[in-house]
Amino acid sequence: MMADAVPRHSKSVGRPSVAWALPGALFFVFFAVAPMILVVALAFTDWDGIGTPQWTGLSNWTRLWDDPDTHQAIRLSLVLTVLTWLVQTPLALLLGVWAAGHQRNRAVLSAIFFLPLLGSSVALALVWKSLLDPNFGLIADIGPALGFEDGDLLGSSTGAFGAVLFVTAWQFIPLHTLIYQGGARAVPRSLYDAAAIDGAGTVRQFFSITLPQLRNTIVTSSVIMVVGALTFFDTVLILTKGGPGTDTTIMPYLMYKNGFQAFDLGYASAVATILVVVATTVSLLLVRLTGFTAMRSTREGM
């Protein structure tokens, strides 16, 4: 009797059919999977972008293995990725938790802080390029205080790398702050009320409640940050052009230099393939080691 009372159309209620995912799947195949397959194929050829690609087997890979510039680019990319995470994550986490609160003028200050998200990377890099000009920029006045007497911050290996790290952090910390703000607002207020009754202060609540509740948010932000740092290109192109020398030539810029300056698209494709493999491997390791694949609810037991 109970089974007969259930409307027939209720069987269709539930997960949407596979057809709903078809447009997104086709978009991903044509604009992500297919180009990657073509890049991997080009990595085994010699091609200047005009004629017919000539099959060369493993010559590009042998060259890549023996190329000291590639080794340096991989090392610089990994160093930039690690430093990016170490600099951006704590600042974005603290700012995101603060922005999720109810402080006075919080909304206005948050809106001002998020302004870098509205500009393109190229436009912002041009602004910082002007500010860091040793002749006419702001760095000419404050350079001596930073240890650069001539104000030529971008002419120094350490200064140029630090400038890239600073500009990328200035631009993308607001994005990750927004991610942490959303995560912090989802934390149940009852947890903080119970902790306050037990006598826990603000710092104790942050480490005992906020951080554990933001575990999945931290992993999500970290994956986005790592992939972004490994594939970052436009700021390096505008700000340092991989210099001085090759001291800021990271993997994406090395790919650009070989492909669109030397017109050696076969070798550039090999560099691009290595970049995809490194970024994918690092992201999967990050997800795997943090236990993110389990996706256990942070509200378990409530």
One residue from Thr84, Thr89, Thr45 being more than 27 Å from Ser221 (Cα to Cα) and either of a type in the set (Ser, Thr, Tyr) or in contact with a strand residue (DSSP E or B) (Cβ under 8 Å, 6 or more places away or on another chain) (or both): Thr45
Test for Gly96: is it in a helix (DSSP H, G or I), of a type outside the set (A, V, I, L, M, F, W, C), touching a His at 6+ places or on another chain (Cβ under 8 Å) and surrounded by 17 or more Cβ atoms within 10 Å (Cβ to Cβ): yes
Residue list for the stretch 194-212, restricted to those being in contact with a Ser or Thr (Cβ under 8 Å, 6 or more places away or on another chain) and under 21 Å from Ile173 (Cβ atoms): none
Subset tally (residues that are within 14 Å of the chain's Cα centre (by Cα) and within 27 Å of Thr290 (Cβ to Cβ)) for the stretch 234-270: 1
Unmet criterion (only one of (1) surrounded by 20 or more Cβ atoms within 10 Å (Cβ to Cβ); (2) in contact with a Gly (Cβ under 9 Å, 6 or more places away or on another chain)) for Pro244: (1)
Helices (runs of 4 or more DSSP H) fully within the stretch 134-200 counting 2 or more residues that are over 27 Å from Thr246 (Cα atoms) and either free of Cβ contacts under 8 Å to residues at least 40 places away in the same chain or among the aliphatic types (A, V, I, L, M) (or both): 157-185, 189-197
Candidates Phe161, Phe166, Phe232, filtered to the one that is closer than 15 Å to Leu80 by Cα and modelled with pLDDT under 90: Phe232
Residue ID - surrounded by the most Cβ atoms within 10 Å (Cβ to Cβ), chosen from residues in the stretch 266-280 that are farther than 14 Å from Ala229 by Cα and among the polar types (S, T, N, Q): Ser269
Failed criterion for Leu126 (all others in (1) in contact (Cβ under 8 Å) with a residue 24 or more places away in the chain; (2) within 13 Å of Leu178 (Cβ to Cβ) hold): (2)
Boolean, Gly57 is modelled with pLDDT of 90 or more, part of a loop (DSSP other than H, G, I, E, B) and either farther than 15 Å from Phe263 by Cα or in contact with a Lys or Arg (Cβ under 7 Å, 6 or more places away or on another chain) (or both): yes
Selection count where residues are part of a loop (DSSP other than H, G, I, E, B) and more than 19 Å from Gln88 (Cα to Cα), scope the stretch 219-247: 8
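A quick yes/no check of all residues on (1) under 26 Å from Ala268 (Cβ atoms); (2) within 17 Å of the chain's Cα centre (by Cα); (3) modelled with pLDDT of 95 or more; (4) exposed (fewer than 15 other Cβ atoms within 10 Å of the Cβ):
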| residue | (1), (2), (3), (4) |
| --- | --- |
| Gly49 | yes, no, no, yes |
| Asn105 | no, no, no, yes |
| Leu117 | no, yes, no, yes |
| Ser120 | yes, yes, no, yes |
Single unsatisfied condition, Gln103 versus (1) without any contact (Cβ under 8 Å) to a residue 24 or more places away in the chain; (2) part of a helix (DSSP H, G or I): (2)
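The values are calculated or read from the model by the stated rules, or taken from the named source; none is laboratory data. Note that the structure is a prediction, hence the values are computed from the model and not measured. Don't worry about glycine lacking a Cβ; one is built from the backbone with ideal geometry, like all the others, and counts go over all protein chains shown.
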